[in-house]
Structures are given as structure tokens and as C-alpha cells.
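Undergrad: Sharing a structure below in C-alpha cells format, with a few things to ask.
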Amino acid sequence: VDVKDVIEKLKIKAVAKIREFFLQKINQFKKPLTNYQIPQNAILKFKFYFQFLQSVNREVAKEVREEYTDTMSKIMFSYFKSYTGRLMKLQFEESATREDLLGAEETTAKGFFFKPSLKNKTTVFSVGCRDDVLTSQLEAPIIIPHAQQKSDHKYPFEMLFRSAQYALVDNACREYLFLSELFMVDGQNAQDLFNVVFSKTMQILIKHTDAYIQDSYDSIAVFLCIHLVQRYQLLCHKRCVPGLDKYWETLNGIL
């Protein structure tokens, strides 16, 4: 009986220490401009701590898991909301309008935000090098908005779309694999945890794409975006990450 009491007390003390360890590590993610891969790698070295929690005190294990997913959900949402907002400031001010379509009536649009239609209709719908976004640019580094604003460089929509989606692919794949390894989940359980972290982020990216498509007459941009979605879904599958499958389906439906 004495030995049992000692073991129980040791378990309680160990659980308290491990809980404190995880919460401190998770708190590091909240610091501004944190490279969260560093604390993630540090946590993975001690994943057996979580295994111990799971076997000894499921309530504390659940608290740690929820604190992590809640923290990462806020970080991802904040990052992508800010990133997409700054990214769209780099879009060409002039793009295809209704008046550029074949057979469109020559009308004079009215309104405060009206801009004259592009004069050269052949330029609006020429592919040029725009298909590079599907080949040489597919896995190129993402666009850094503040660096581009200094040079006043502008992009067609599909380039900005590519950058946002590739940033999502990179972060989402890493996060899915991290969640699976640390919290020992797979299948639907891994998907559920992944959704907790990324659902708000996916919603804002879907909303952003939908808003563009509603007012877009640039058929080339839309066509290229459809192919980007297909290629990035394949890339996720190559990385053994099915977490974004429903997201890609939703984007395909919008496009």
C-alpha cells in the first residue's frame, strides 16, 4: 500500500510537471514573428511525455491538445488574413472587364470605382508567359508583399493565388504531419484535429477566391487557378496529407 501511494504521488507530480512543460512550449508560439517550426521540433523530441499523459491522465492530455490547436488556429488565421490582404495590393490594377469580352456591347459603365476598359483586347486574353505559374513557378518561393511593394512590381491574379495556395500547402502539410505524430492520431481523428487548426484559415481563403471570381472576366486567370488547385492537391497527396481534400473540392466548385 505504501508503494502504491508513492507511485500515485509521483504520477501526480509528473503530470503537473509535463503539463507545465507543454503549456510553456505552446506559449512560445504566441510571440510575434516566431518561427514556430523551432518550438514544434523541440516538442516532438519529448512526444513520449504526451504518450505518458494520454495513458495516465486523459483530462490533462485533452487540455494540452486543445491549448495547442486553439493557439495554432489563431496564428494561422492571423497570418493568412494579413498575408492575403497585403498580397492583393500587388495585383494589376487593370484586368479584363465585361467590355473586353467578345460580343460585349460597348457600354459606358457608371459608378465611382469605374475604370475604362483595356484598349488592346488581344493583350487581355493572350497567354504569354502566364502558364509559367503551372511549371517553373509552381513550387517557387512565395511572394513577399513588403519586398515587392518597394519595387512597385504588380502581378496577375493567378500568381497571387499561387503564392497564397502554396503557402497554405506548405504550412498545412507540415501541421498535419506534426499533429499526427505528437497526438498519435490518424484517419478521421487526424482530420478533425487538422480542421480545428485550419478551418477558419480555409474559410477566409475560400471567401477571398469567391469574391474575386464574382467580379472576374479574366478567363485565363480562372483556367490557370483551376489547374493550380489540381496540381497542389496532387502535391499534398505525394506528401501523404489528405487534410485539404475538401478545401480543394470547394475551390474547384467556386472556380
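Quick note: the coordinates plus some simple rules give every number you see, no bench work behind them. Because the structure is a prediction, the values reported are computed rather than measured.
Undergrad: On a full-extension model of 0.36 nm per residue, what is the gain between residue 230 and residue 62, subtracting their alpha-carbon distance, rounded to one decimal in nm?
TA: 56.9 nm
Undergrad: So which of 11/47; 154/207; 17/45; 47/200 end up more than 20 Å apart by C-alpha?
TA: 154/207; 47/200, as the Cα separations exceed 20 Å there.
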